[in-house]
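To start, the structure under review is shown below, and the notes come after it.
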Amino acid sequence: MGMAKKSGVALFVDYEYAVLTSLNYWKAPVSPQRIIAAAMEVGCIEHAVAFGDFNTEPLRREAPKLRTASIDAVSAPTGSVDGRAKSYTDFAMLDNIYQTLLDRPDIATFLLMTGDGHFSGVVARLRIRHAKVVGILGIEGNISGELKAAASFVQELHRLEMDLGAPVLDDIIRFIAKSQQERSAITFGATAQCCAETLNVPEENIRQYMAALSGQGAIIQEVVEYQGRPSRVMRLLLTHPRVKQTLEPEEFKVG
């Protein structure tokens, strides 16, 4: 019998790294759609799994989006060792990588989304001992040098370029103003999600535009007492020049 032809890509996503790193550096979580699109540039996806503690925020909020990108979710609940929190995401991801190696010898390319240098050993082993093409997908500027050196190739996701003169920014400002008019309190996350659904624009893009508005002082976030507990709410500063420029013709008034 001849050897089975090797093709296809297996994608393994450290979702804690993906979400928390992008939130920290971009002020918006990377979307699963961007992750799967980057993986599809490498080849046909045969296996796609994301790992993390989906019982904790913000992963609990972000996890449902994985389904829309056809990425399976494997929960790795955080445990406790000597009274300290211990993440088991790496162990779950490593276990799945080796299971895939054994169960799917036909898969030629392993793509890991992580920036953690601890994975450099398994990356080197897959590439050298098992003749796999092993790629690293990561957030720009947040990939270990050791990990890069061990991989066959590295693909970085970059912050989306925000055109602050784009018509969509006016649509976002109008949506926030309307939400502010209709509700006594609005939050950044819920507003971004609803705005993305209404405008049919990826939520990651909406969040980054809103973060840009926040950076310009057009959006103000503050902690207030709401329904008996402290809540982080946001409001559009209607006197801000960029906001006035968009809303003046419509004369929005927030009571």
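The values are calculated or read from the model by the stated rules, or taken from the named source; none is laboratory data. Here the structure is a predicted model, which means the values were calculated and not measured. Don't worry about glycine lacking a Cβ; one is built from the backbone with ideal geometry, like all the others, and counts go over all protein chains shown. In case anyone asks, the SASA skips ligands and DNA or RNA and just uses the protein heavy atoms, side chains included. Shrake-Rupley method; radii C 1.70, N 1.55, O 1.52, S 1.80 Å.
Brief remarks on what is shown
Residue by residue, here is whether (1) closer than 16 Å to LEU20 by Cβ; (2) touching a residue at least 40 places away in the same chain (Cβ under 8 Å); (3) not charged (D, E, K, R) holds:
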residue: ALA38; (1), (2), (3): no, yes, yes
residue: VAL49; (1), (2), (3): no, yes, yes
residue: PHE91; (1), (2), (3): no, no, yes
residue: GLN99; (1), (2), (3): no, no, yes
residue: GLY115; (1), (2), (3): yes, yes, yes
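- For the residues ARG229, ARG174, ARG207, the requirement of being basic (Lys, Arg) and loosely packed, with under 14 Cβ neighbours inside 10 Å singles out ARG229.
- Of residues in the stretch 22-36 being of a type in the set (S, T, N, Q) and in a helix (DSSP H, G or I), the one least open to solvent (accessible area, probe 1.4 Å): SER22
- Within the stretch 184-219, the set of residues being touching a His at 6+ places or on another chain (Cβ under 9 Å) and of a type in the set (A, V, I, L, M) comprises LEU213, ALA218, ILE219.
- Within the stretch 210-223, residues that are closer than 20 Å to ARG159 by Cβ and open to solvent by less than 30 Å² (accessible area, probe 1.4 Å) reach partners that are in a strand (DSSP E or B) and β-branched (Val, Ile, Thr) with beta carbons closer than 8 Å, at six or more positions or on different chains, in the pairs MET210/ILE219; LEU213/ILE219.
- On inspection, GLU182 qualifies as out of contact with any helix residue (DSSP H, G or I) (no Cβ under 9 Å at 6 or more places or on another chain) and either among the hydrophobic types (A, V, I, L, M, F, W, C) or open to solvent by 30 Å² or more (accessible area, probe 1.4 Å) (or both).
- Residue count for the stretch 33-62, restricted to those that are in contact with a Ser or Thr (Cβ under 6 Å, 6 or more places away or on another chain) and within 14 Å of THR114 (Cα to Cα): 2
- Selection of the stretch 239-254 for residues being open to solvent by 100 Å² or more (accessible area, probe 1.4 Å), modelled with pLDDT under 90 and more than 18 Å from PRO167 (Cβ to Cβ) yields GLU251, LYS253.
- Flag not set for ALA124, criterion: closer than 28 Å to ILE206 by Cα, open to solvent by less than 60 Å² (accessible area, probe 1.4 Å), at pLDDT 95 or above and not in a loop (DSSP other than H, G, I, E, B).
- Residues in the stretch 131-166 that are open to solvent by 70 Å² or more (accessible area, probe 1.4 Å) and without any contact (Cβ under 8 Å) to a residue 40 or more places away in the chain were compared, and the one that is farthest from PRO202 (Cα to Cα) is ALA131.
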